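The values are calculated or read from the model by the stated rules, or taken from the named source; none is laboratory data. These numbers were taken from a predicted model, which means no experiment stands behind them. Quick reminder, even Gly has a Cβ in these numbers, built from the backbone with ideal geometry, and neighbours come from all protein chains shown.
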C-alpha cells in the first residue's frame, strides 16, 4: 500500500477539484428568485419614503387615542366577545364533524385513489377561499349576523382540518391495520381499531389549534358584518371620540385570545405527549380539576 506524500510542498502541488457548477447556479437562481419578486412587490405597493416616515406618528396617534381604554360599556363589549367565541366554537364543531370522515376519504392508505384524489381536490378548493371571502359570499343568502360568520369559519375549517387529518391518517403505523386484516377484519374494523386510536390524539390537537385560529378569524369577520367583537372595534374607530372604547374592545380581545391560546396549548400538549404543561395556566387547571402530575414527569424535570 502506497502512502500519499502529505508534505507541504506536495500538498501545494496537488490540484484542487473544481467546484460543481450546478450548486452555484441553483444558489444564485434562488437568490434572484427571492430578490426580484420582493422588489416587484414593493414597487406595486407604492411605498414611498414620506409614507414610511409618517407611519410611526400615525400609529402613535392611534395608540394614544385608544388608551387609556374606556370600559364603561363593558357589558356590551363582553357580549360581543362571547359572540365571537360562539362563532369560533360553532365553526370549529362544523369543521371537525365534516373533516373527520373527509380525512379518511382523502387518505391514500385507506381510500382508493378514485375517492382520495377527488376528495383532496375538493378540500383544496375549499381552502382556496379565505374566511373573509366566504363570509361576504354567505351574506347574500343568509344576511348579516353571527350565523354567517359561523358558516364561513366552518366551511374553511373543513378544508384545513380535512387535509391535516388525512396527513395524520397516512402517517399511522401499518402494523395494527395489517394485523386486523390478517385476522379477518373488514375495512371498517381496520379504521375503528387500527387507525382511529393512533390518529385521534393528533386530530383532536388539530381541532383545538384550529379553534385558536377561528377565535382570531371571528374577530376579523366582524369587519364585514358577520357579528362578533370585530364589528364593535370598527364601529368605534369610525369616530375619534369612541377610540377609548375601541381600545377597551381591542384589549379585551387580546386578553381573551392569549388565555385561549395558553389553555389550548396546555391541553394539546397533554393529549399528544401525555405530560402536563408547566405553564401558569396549566397549574391553575390542575388546581381546579384536582388532578396531579405524573411522578416520573416531576423527576425528569426536577
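Things worth noting here:
- Of the candidates 203, 254, the single residue that is modelled with pLDDT of 85 or more, surrounded by fewer than 17 Cβ atoms within 10 Å (Cβ to Cβ) and part of a helix (DSSP H, G or I) is 254.
Listed here are the residues, each with its yes/no results for (1) at pLDDT below 65; (2) surrounded by fewer than 18 Cβ atoms within 10 Å (Cβ to Cβ); (3) assigned to a loop (DSSP other than H, G, I, E, B); (4) in contact with a strand residue (DSSP E or B) (Cβ under 6 Å, 6 or more places away or on another chain).
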{"position": "245", "(1), (2), (3), (4)": "no, no, no, no"}
{"position": "259", "(1), (2), (3), (4)": "no, yes, no, no"}
{"position": "270", "(1), (2), (3), (4)": "no, yes, no, no"}
{"position": "286", "(1), (2), (3), (4)": "yes, yes, no, no"}
{"position": "292", "(1), (2), (3), (4)": "yes, yes, yes, no"}
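- Residue check, residue 90 closer than 25 Å to residue 205 by Cα and surrounded by fewer than 23 Cβ atoms within 10 Å (Cβ to Cβ): yes
- Condition met for residue 227 (more than 19 Å from the chain's Cα centre (by Cα) and part of a helix (DSSP H, G or I)): no
- All positions within region 46-90 that are farther than 15 Å from residue 250 by Cβ and touching a helix residue (DSSP H, G or I) at 6+ places or on another chain (Cβ under 6 Å): 83, 87, 88, 90
- Count of region 150-200 residues, restricted to those that are in contact with a helix residue (DSSP H, G or I) (Cβ under 7 Å, 6 or more places away or on another chain) and not in a helix (DSSP H, G or I), is 2.
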